[in-house]
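The values are calculated or read from the model by the stated rules, or taken from the named source; none is laboratory data. Please read these numbers as outputs of a predicted model, since none were measured by experiment. Here Cβ is always computed from backbone atoms with ideal geometry, including for glycine, and neighbour counts include all displayed protein chains.
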Amino acid sequence: MRIRYVGRIAHFKGKTLYEIACNLKNFGEGRVVTRLNFLNRYPEKSYYRLTKVQPDLTDLKLREGVAWGEKIFRGDNLGVRKIETGQKTDWKLIPKEEETDFCKLTEKDKRDQRIVPATVPFPPFLEAWLKQDLRRKGKDDSAPFVLNLRIEKSFTNRAKLSTEQ
């Protein structure tokens, strides 16, 4: 009989946050954990210092629960936040001996702030189409066509427009 796999193959290698926390004193309060995804994806340091973990002990696979921790994301301290991804199996506990070295943030551990221009020129085809439309309506088409950029504000996006400095 052939084995037939259905669905997407998980690329996570490790344990859930709740599996790790259940093996620690006080469910890991004060300990440092990180996701392997953070280590592989970003050059800057990203980790959580756990403040409170409540695993669902009725779940035999320890994939459910609620956790909070002080989030350091790409070198920026984002404060205490609820950890939404505790059920994913790519968490790693930082050993106590290595916590102080791992948590030291130097200048290379912080990402640079990106400055974006406030306006950019229209794409050539769209600019030609707009000029043709203005000429057809009998209006002046000599003014330069520029797009005003707008940046969404979030904790992961630190970019600023050149006029906001």
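Against the definition (assigned by TED's automatic domain parsing to the domain that holds Tyr42 and modelled with pLDDT under 90), how does Leu149 come out, yes or no?
It is false that Leu149 is assigned by TED's automatic domain parsing to the domain that holds Tyr42 and modelled with pLDDT under 90.
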The condition from (1) touching a Ser or Thr at 6+ places or on another chain (Cβ under 8 Å); (2) under 30 Å from Glu152 (Cα atoms); (3) not small (Gly, Ala, Ser) that Ile83 misses is numbered (1)
I'm trying to understand the selection: among the residues of segment 1-46, which are in contact with a Cys (Cβ under 9 Å, 6 or more places away or on another chain) and modelled with pLDDT of 95 or more? Val32
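If you check Ile9 against the conditions, is it of a type outside the set (Phe, Trp, Tyr) and outside the structural domain of Leu105 (by TED's automatic domain parsing)?
Values: of a type outside the set (Phe, Trp, Tyr): yes; outside the structural domain of Leu105 (by TED's automatic domain parsing): yes.
Yes: the conditions hold for Ile9.
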Report yes if some residue within segment 121-130 is over 30 Å from His11 (Cβ atoms), assigned by TED's automatic domain parsing to the domain that holds Cys22 and free of Cβ contacts under 8 Å to residues at least 60 places away in the same chain; otherwise report no. no
Given the condition more than 25 Å from the chain's Cα centre (by Cα) and within 26 Å of Lys153 (Cβ to Cβ), answer yes or no: does some residue in segment 105-119 qualify? yes
If you check every pair at least six apart or on different chains, which have Cβ atoms under 8 Å apart with a residue in segment 26-40 that is within 13 Å of Glu70 (Cα to Cα) first and a residue that is among the polar types (S, T, N, Q) and modelled with pLDDT of 95 or more second? Glu29/Thr51; Gly30/Thr51
